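Asker: Got a structure for you, questions after.
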Amino acid sequence: MAMDRETLESHLKDAFPDAEITLTDLAGDNDHWQAEIVSPQFAGVPRVKQHQMVYAALKGKMGGELHALALKTKAPA
């Protein structure tokens, strides 16, 4: 079962309420997403930790409901 845009966006907005989030369905199948997240929560945080924060927000659904997620994360300029 794939994860639709609304579900993915909901998980991300719950974890990063002040973020600017852009989702792109890379294959048109709700199973291969790219997420660009600009959040103040990422300020001073190494990129690997930023990505770990995103995976934690998905509550174990990465690799199951969500097959692939390309991430671009950063703090606001």
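The values are calculated or read from the model by the stated rules, or taken from the named source; none is laboratory data. The model shown is predicted, which means the values in this text are computed figures rather than measured ones. Using ideal geometry, Cβ is built from the backbone for each residue, glycine included, and neighbour counts are taken over all protein chains shown. Heads up: the accessible areas ignore ligands, DNA and RNA and are worked out on the full protein's heavy atoms, side chains in. Shrake-Rupley method; radii C 1.70, N 1.55, O 1.52, S 1.80 Å.
Asker: Has region 31-39 got at least one residue that is over 9 Å from the mean Cα position of the chain (by Cα) and under 17 Å from residue 67 (Cα atoms)? Give the steps one after another, and end with the answer.
Answerer: Taking region 31-39 first, the residues over 9 Å from the mean Cα position of the chain (by Cα) are 31-32, 38-39.
So of that shortlist, the ones also under 17 Å from residue 67 (Cα atoms) come out as 31-32.
The answer is yes, given that some residue of region 31-39 is over 9 Å from the mean Cα position of the chain (by Cα) and under 17 Å from residue 67 (Cα atoms).
Asker: Taking only region 1-20 into account, find how many residues are outside any helix (DSSP H, G or I), open to solvent by less than 40 Å² (accessible area, probe 1.4 Å) and over 19 Å from residue 67 (Cβ atoms).
Answerer: Total satisfying the criteria: 2.
Asker: Would you be able to tell me the number of residues in region 26-77 that are open to solvent by less than 70 Å² (accessible area, probe 1.4 Å), modelled with pLDDT of 95 or more, in a loop (DSSP other than H, G, I, E, B) and of a type in the set (Gly, Ala, Ser)?
Answerer: So the count comes out to 3.
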